[in-house]
1. In chain A, what cysteines have no partner Cβ closer than 4.7 Å?
2. Long-range amide H contacts for residue A:227: which residues qualify at under 5 Å (H placed 1.01 Å from N, peptide plane, sequence gap of 5 or more or a different chain)?
3. For region A:409-559, with only Lys/Arg (+1) and Asp/Glu (-1) charged at the beta-carbon, what is the dipole magnitude about the Cα centre, in debye rounded to 20?
4. Tell me which of A:79, A:221, A:97 sits at the most positive position along the dipole axis of region A:4-262, charges placed on C-beta atoms (Lys, Arg +1; Asp, Glu -1).
5. Which length gain, in nm to one decimal place, applies between residue A:537 and residue A:517 when the Cα-Cα distance is subtracted from 0.36 nm times their residue separation?
6. Pull up all non-local amide H partners of residue A:482: gap of 5 or more, or a different chain, and H-to-H distance under 5 Å with H placed in the peptide plane.
7. Residue by residue through region A:339-344, what is 3J(HN,Hα) from phi via Karplus (6.51 cos²θ - 1.76 cosθ + 1.60, θ = phi - 60°)? Round to whole Hz and write x for glycine and proline.
8. Can you bin chain A into rounded, prolate or oblate? Criterion: square roots of the alpha carbon gyration tensor eigenvalues sorted a ≥ b ≥ c, rounded for a/c under 1.5, prolate for a/b above b/c, oblate for the rest.
Amino acid sequence: MTDSAENERPSRHFIEVEIDRDLAEGRVQAVHTRFPPEPNGFLHLGHAKAICVDFGLAAQYGGLCNLRFDDTNPSKEETRFVEAIQEDVRWLGFDWGERQYYASDFFEQLYAFAEALIGAGDAYVDDLPVAEIRAQRGGPGVAGTESPFRSRSAEENLRLFRAMRAGEFQEGHCVLRAKIDMAHANLLMRDPVLYRILKAPHHRTGDAWCIYPTYDMAHGQCDAFEGVTHSLCSLEFENHRPLYEWLVQRLEVPFRPRQIEFSRLNVTHTVLSKRRLVELVEEGHVDGWDDPRLPTLQGMRRRGYPAEALRSFCARVGVTKVTSTAELSWLEDAVRSELNRTAPRRMAVQAPLRVVVTTIGEDEVIRCEAVDNPEDPSGATRPVELRREVLIEQDDFLEDAPRKFFRLRPGGSVRLRYGPVITCDEVIKDADGAVVELRCSHDPRTFGGVTPEGEKKVKGIIHWVAAATAEEVPLWTFEPLFMDPNPAALEDWRSDLNPTSRTEGTLWVEPAAAEAAPGETYQFERLGYYRADPAAAGLRFLRTVTLRDTWAKEQGKSS
RNA sequence: UACCCCGUGGUGUAAUUGGCAACACAACUGGUUUUGGUCCAGUCAUUCCAGGUUCGAGUCCUGGCGGGGUAACCA
């Protein structure tokens, strides 16, 4: 998927520069990438960036992008994750055609490569226990120690490796290691493990195998099998690149792919690591993987973040090697600007205050025309019925209003959105002095946005619903999951969880919104964007994001 | 401490072969508006530091300083 803005972008990021060079020098004829998730969890916003880069770059160069499940660790992977990932990638707007692969498609070829390595004296079977291997790897600035099994003959290694495959050893009894250099400055080059024994059923190959390649043994070779030219991944794989190249140059691969790393996405007030997300879900801090507070694709989709907004957000974030953190407001801006274009407007009241318009008769019904979306050139409208009793927002009335408050006050006037101007004649309070009702009169000359000749225009316009026809609907509103901008850096992130990340309330909506189909998104005027929760039994609105509120900001300053 | 990567406004990115530091978000001003929304205009930077090369350095060179990653039989 490419958008034209992408093509018009004047400058090129460093990966594009590399690709241009590869093309110009004839190293590749076309661009082929892949998105390689491990099916051990759900996709999140960080993956969305990777997906946009992988698929986006391929599309931009008229090339292809594969979907590849990196399933080399059967103890963690499940089919349900495969299905969820497919759905998420499609929802984000990308298509891998027929090119869906699994690392496990290539287990037999990878095994043959391992034997080839053994034959060439580049790999050996090591009987050292895990702890021993770890200890002998040395450390930063400290050379490792060679394993006593390092000098086994190719014949013996081959016999042992075949015995490993045949299931003759217990899990952990031995591994296949690359024979590189135990003193290498890059710890990953100190005879990395290539194959290990794992007696766990694999979600696709069942019990056909009891030895599995490690990430390093599998990834680059799978890239080669699939014809991937540019293997794009995140920065933490930088140190793996020498190993990637070591393998790809030593093995008889059909093509030598190339790994390029870019920085992963961080966003303020949330966490984007699979481990943290698992903890949030499993410890019950949220209600599941599709909890609208989560930055998972399922959570954001449910909440109402459009795929288009996520794509434009990822495009704006850019592609670099700098460790950086995008502000949450960026994401919200992307969501708002998309929804502003597309969401039909409706009216709803969150905290109602009863207003009796005394100049409207008991059974009188006044039809007003409301614009569905001012951003939509079609100018479609819908009727809304004004009656004697309406509900307005409590916040839209203040007894002792400051000068710049241009909503309703005693004796003051406001316009009812799409309706007439009303004036507050009387304030009715209960025994405790709380305002419970307003009595107002309306000016029939002011319908249709009209201000009579020579009279002063009212500055305030407030939303409302007719009390008789409004329907009360459950509402969930959200705040960031974490209060700290960078929860990932916290020693005790649990104590930073925002206790009001979800608030349950109600919304009084106009009839035209009460029949919302699941998944439908509206802008409730002056409040925000709301989506009918597709996961709710009945109708429930989720507040996707509020509107920008400069008045609230102003108040925050003075208080 | 070993190796790898990275330092441009509050944030994220730009800046042709070395040539007026640009865009977006945020913040702050103001204008328009039947949403205090949208839209429009304006304000907000000694390019980590120190030397050097040059008529001219964010860009090139040297040396510092700072940040991140890496020591799973995870990916």
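1. A:65, A:174, A:210, A:222, A:233, A:368, A:424, A:440
2. Long-range HN contacts for residue A:227: none found.
3. So the magnitude is around 600 debye.
4. A:221
5. Values: separation 20, 0.36 × 20 = 7.20 nm, distance 1.19 nm.
Answer, rounded to one decimal: 6.0 nm.
6. Sorted by chain and number, the residues that satisfy this are A:498.
7. 3J(HN,Hα) across region A:339-344, in whole Hz: 5, 4, 6, 9, 7, x.
8. prolate
The values are calculated or read from the model by the stated rules, or taken from the named source; none is laboratory data. As the structure is a prediction and not an experimental result, all values here were calculated from the model. All Cβ positions, glycine included, derive from the backbone under ideal geometry; neighbour counts span all protein chains shown. Each accessible area value is taken on the protein alone, full model and side chains, heavy atoms only, with ligands, DNA and RNA left out. Shrake-Rupley method; radii C 1.70, N 1.55, O 1.52, S 1.80 Å.
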